[in-house]
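Read the structure below first, then the notes.
The values are calculated or read from the model by the stated rules, or taken from the named source; none is laboratory data. Quantities reported herein were computed from a predicted structural model and do not represent experimental measurements. All Cβ positions, glycine included, derive from the backbone under ideal geometry; neighbour counts span all protein chains shown. For the accessible areas, the whole protein counts, side chains as well, though only heavy atoms, and no ligand, DNA or RNA atoms are used. Shrake-Rupley method; radii C 1.70, N 1.55, O 1.52, S 1.80 Å.
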Amino acid sequence: MSAWHLVYPDWQPAQERLREALCTTGNGYFATRGAAPEAVADEHHYPGTYVAGLYNRLATEIAGRKLVNESLVNVPNWLPLDFCIEDGDWFRLDEVDLLDYCQVLDLRQGVLRRELTFRGAGDRETRLEQWRLVHLDRIHLAALCTRLVARNWSGRIRVRSALDGRVRNEGVERYSELNSRHLETLERWVLGPDTVALYAKTNDSGVLVAEVAATRLYRAGERLDATPAITERSDYIAQTFELDLEQDQPLDIEKTVALHTSRDRAGYRPDLDARRNLAAAPRPDDLRRDHAVLWDQLWRRFSFSLDLGDEAEEERTLRILRLHVFHLLQTCGPAAMDLDVSVPARGLHGEAYRGHVFWDELFIFPFLNLRIPNITRALLKYRYRRLEEARRAAREAGYHGAMYPWQSGSDGREESQRLHLNPRSGRWIPDHSRRQRHVNVAIAYNVFQYFEVTQDREFLAYVGAEMLLEIARFWSSIAELNPERGRYEIRGVMGPDEYHDAYPGRDGGGLDNNAYTNLMVAWVLGRVLDLPDMLGEQRWNELCEMLEVSDSEVERWYDITRKMFVPFHDGDIISQFEGYEALEEFDWEAYRQEYEDIQRLDRILESEGDTPNRYQVSKQADVLMLFYLLSAEDLEQLFDRLGYDFDPEIIPRNINYYLSRTSHGSTLSRVVHSWVLARSSREGAWKLFSDALESDVADIQGGTTSEGIHAGAMAGTVDLMQRCFTGIETRGGVLWLNPRLPDRLRRLELQIHYRQQVLTLSITGETLCVASEPGDAAPVRIGFDGETESLAPGQRREFELGPATARAD
């Protein structure tokens, strides 16, 4: 096997749920976990199929309160396919003797394979070979192919293929007290000798879901004329084929499924659409061939080449990077360009966070911007379509403009819980995470970054700018001028850290003057003030007229960009929030000795009757997010406008201060810390990058990956290669390049798309080469070592990494 394959050479029941998440196959429209076709939901297995954007709400009485939770729905299971030999039991891995086993996720072709040999009753030995896919382009189709070979016996066999609507959302143990039955079955149909269908509806949102499955049997390439027995229950329909299996004569079973919902575009009725789609579908081998071609084309756009000087380390690093790209493309790949969706924080791979959209776009969109920016464009429209809901939320909270939610789902209302369960203590405790208003900073930042890479003026003029203006209005209305300080303050919010949601001993939630929030608000408003130049006078005036933006509003925005308050302590340490320095220092060593794993320190402290609000501790980067999102040049200009002294030399001191107070309780934490260390400590940056790579594949948080991958962390690790180690910054209409490879990384090569040009970057410790693919795109500006120059299609530039020199071919 190679760096293109995720291989599991044995069967370990305790690892199955993790492997099911990591072996998910999907296409951006829907995805199916890598559960075995014969598996049912139990301690070790959790079959799940999720359709992007398909949500449902259910109410539950908890701790004397009625909680309404919206969840990404686990739709009917299309996988079920099992068999029994003679009059024995239906096949289960834990009930037979396994002679060999191997499961392989083929990243290059987008196919999950499983091969095993087992010995059952009567010492019968049987070979099983399976592969499956969810088609990348024919987004409603999936296929499962199974080959059975009797090694040392001949006899009777029954094969059962089903569609199972008895599924619930039960993939996250800490949600077990919440109502989980989201579907009701409307109809079951037998559509022919080989085809059955199941038609269901979500019980609150009313979304129709149709699955149609055809199961066909072949021997020696000839289709068998087998009439199945039909089993029907209220939420289930199965076909059971009975036939003779001869020794060493393979039996091939092909199951092809079409899945449609009433959310689909250009459809008539989901059940009829699924029937027509399946009737026109080619055989699975043909589906696999063009599926592989499409994956090959995607990999050309998303490829990496690197040299670590250690073959084993290089292969593992490449494999995990490719695994991350693979799962990102299965969650938000090309199919998303025609859907009304964004990126669930845990992908389409499980039910953690109930499938909601958070701020993770901030880590995912930069990766997409430089590869297929049209995907980012489509995902940003998810926010635009929910702008009216954000306006409504701002009004109800007493603010102006648009206030986007911390957790978003179907329609853009706030989906954050009011209570959440601490699994360590078993207690339901108040959840104040909706105070993370900085999600509005993330959305604005994403719009500006997309524009910097693409110069997509139409998008900015008719989609992005309206969001930006309403977000500016929100921040202007939440910021209050403190006359004693002569500066604006933002009170009652939470920062990215998440451990701190209130001051100890103070009634009411929220914190005052979170530095990340305050500074990024000043940055956002400063960029919004640039919109007249970016849009042109005519469109700017149209927007001001349409939204009734007054001159006094714009003047206030300008004033905030000059007078936002930023807290400091110990001279030049940027305080995470006002009063942070007054909190107690934490005894890290004592807690590490007692608990070993203290990533979720908040849960540990709450179980002890304590709270992280009392201590100088962080779950993940907060202040350091400033150094992740903004360059030293950006920060210098920002602080200068605000009238604060800023020397880039304070950055390492702030990094060291907060890194020593961080538990890395989020998979995003190591991504950000690796990024901010990349200039000052290449060895430290590489160590954190390597740790971040392992977040999901090694499940370093101890069980969370089985509930869904961490999409933001996956994108973040790829982006460390793509932008951090290459030193890519897109600002001021220039593609700036300032590579600084970690010592372990001898060479890095990748392809990016920047303003219609396709550029190949080749970097070693000594040289940087930028080669543009021939074409008719306009020249772009590239910058290196403080100098800029033009690069036209077909041209190449080479720079020495030292004194800057460049030459053109």
For this session: Just check the stretch 266-392 against the gyration tensor rule for me: Cα atoms, a ≥ b ≥ c as the square roots of the eigenvalues, rounded for a/c under 1.5, and otherwise prolate or oblate depending on whether a/b exceeds b/c.
Result: oblate
Exercise. Which value, in Å², gives the accessible area per residue of the chain when a 1.4 Å probe is used on the protein heavy atoms?
Worked result: 38 Å²
Exercise. Along the charge dipole of the chain, which of L748, G165, L370 sits closest to the positive end, that is, farthest toward it, with unit charges on the beta carbon of Lys, Arg, Asp and Glu (+1, +1, -1, -1)?
Worked result: G165
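For a distance above 55 Å, tell me the whole-number percent of Cα pairs in the chain that qualify.
Details: 38038 of 326836 pairs.
Percentage above 55 Å: 12.
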Problem set entry | Shape call, the stretch 368-448: gyration tensor on alpha carbons, a/c limit 1.5 | oblate
Seminar exercise, completed: Sorted on mean Cβ neighbours within 10 Å (highest first), peptides 529-535, 268-274, 598-604 come out as 598-604, 268-274, 529-535
Exercise. When only Cα pairs under 8 Å and 6 or more residues apart are kept, what is the percent relative contact order across the stretch 227-298?
Worked result: 18 percent
Problem set entry | Most to least accessible of M546, M714 (protein chains only, probe 1.4 Å) | M546, M714
For this session: Specify the angular offset, from 0 to 90 degrees and rounded to the nearest 10, of the alpha carbon long axis of helix 682-697 from the longest principal axis of the alpha carbons in the chain.
Result: 30 degrees
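State whether the stretch 605-699 is rounded, prolate or oblate according to the following rule on the C-alpha gyration tensor (a ≥ b ≥ c being the square roots of its eigenvalues): a/c under 1.5 gives rounded; otherwise a/b larger than b/c gives prolate, and the remaining case gives oblate. Could you put the intermediate results ahead of the total?
On the way: a/c = 2.51, a/b = 1.34, b/c = 1.88.
It is oblate, given that a/c is not under 1.5 and a/b is not larger than b/c.
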For this session: Kindly report, to the nearest 10 Å², the accessible surface of T704 as traced by a 1.4 Å probe over protein heavy atoms only.
Result: 30 Å²
Seminar exercise, completed: If each part is reduced to its alpha-carbon centroid, the stretch 106-178 and the stretch 678-702 end up apart, in Å, by 34 Å
Exercise. Taking Cα centroids, how far is the stretch 763-799 from the stretch 529-549 in Å?
Worked result: 34 Å
Exercise. Scattering from the C-alpha atoms of the stretch 140-291 alone, worked out with Debye: what is log10 I(q)/I(0) at q = 0.20 1/Å?
Worked result: -1.23
Problem set entry | Rg [Å, one decimal], Dmax [Å, integer] - the stretch 9-168, C-alpha atoms | 17.9, 62
Exercise. Which three lengths, in whole Å and largest first, does the stretch 438-573 cover when its Cα atoms are put on their principal axes?
Worked result: 52, 31, 30
Problem set entry | Acute angle (nearest 10 degrees) that the helix 551-563 long axis makes with the longest principal axis of the chain, alpha-carbon atoms | 80 degrees
For this session: At 1.4 Å probe size, with no ligands or nucleic acids counted, give the accessible surface of R65 in Å², nearest ten.
Result: 110 Å²
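Per DSSP H run of at least 4 residues, take -39500 (n - 2.57); add these up for the chain, divide by its residues and hand me the 222 nm value, nearest 500 deg cm²/dmol.
Computed mean residue ellipticity for the chain: -9000 deg cm²/dmol.
Take the chain, mark every one of the GluC sites (Glu not before Pro) that falls in a DSSP loop and has at most 15 other Cβ within 10 Å, then report the longest stretch left between them, sites excluded. Show your work: numbers first, answer last.
On the way: sites that count: E43, E86, E177, E246, E484, E548, E585, E596, E608, E649, E766.
Formally, the longest exposed-site-free interval is 247-483.
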For this session: Using the charge dipole of the stretch 59-185 (Lys, Arg: +1 at Cβ; Asp, Glu: -1 at Cβ; taken about the Cα centre), state which of L98, A150, G122 has its Cα farthest towards the positive end.
Result: A150
Exercise. By how many nm would the segment from E749 to T611 grow when fully extended, if each residue of separation counts as 0.36 nm and the alpha-carbon distance is taken off?
Worked result: 45.1 nm
Exercise. Of all accessible surface on the chain at a 1.4 Å probe, what whole percent is carbon and sulfur?
Worked result: 42 percent
Exercise. With r defined as the distance between the Cβ atoms of V40 and E396 and R0 fixed at 45 Å, what FRET efficiency is calculated, to the nearest 0.05?
Worked result: 0.55
Exercise. Taking K and R as +1 and D and E as -1, what net charge do the other residues with C-beta under 10 Å from the C-beta of D570 add up to?
Worked result: -1
Seminar exercise, completed: Rounded to the nearest Å, the spacing of the alpha-carbon centers of the stretch 251-330 and the stretch 447-524 is 38 Å
Seminar exercise, completed: If one compares the long axis through the Cα atoms of helix 650-659 with the longest principal axis of the Cα atoms of the chain, the angle in degrees, nearest 10, works out at 40 degrees
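So how strong a dipole does the chain carry about its Cα centre when Lys and Arg Cβ are +1 and Asp and Glu Cβ are -1, to the nearest 20 debye? Walk me through the numbers on the way to the answer.
Numbers: 96 positive and 131 negative charges, 336 e Å.
In total the dipole reaches around 1620 debye.
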Exercise. With all pairs of different alpha carbon atoms counted, what Kirkwood hydrodynamic radius in Å does the stretch 34-100 show?
Worked result: 15.2 Å
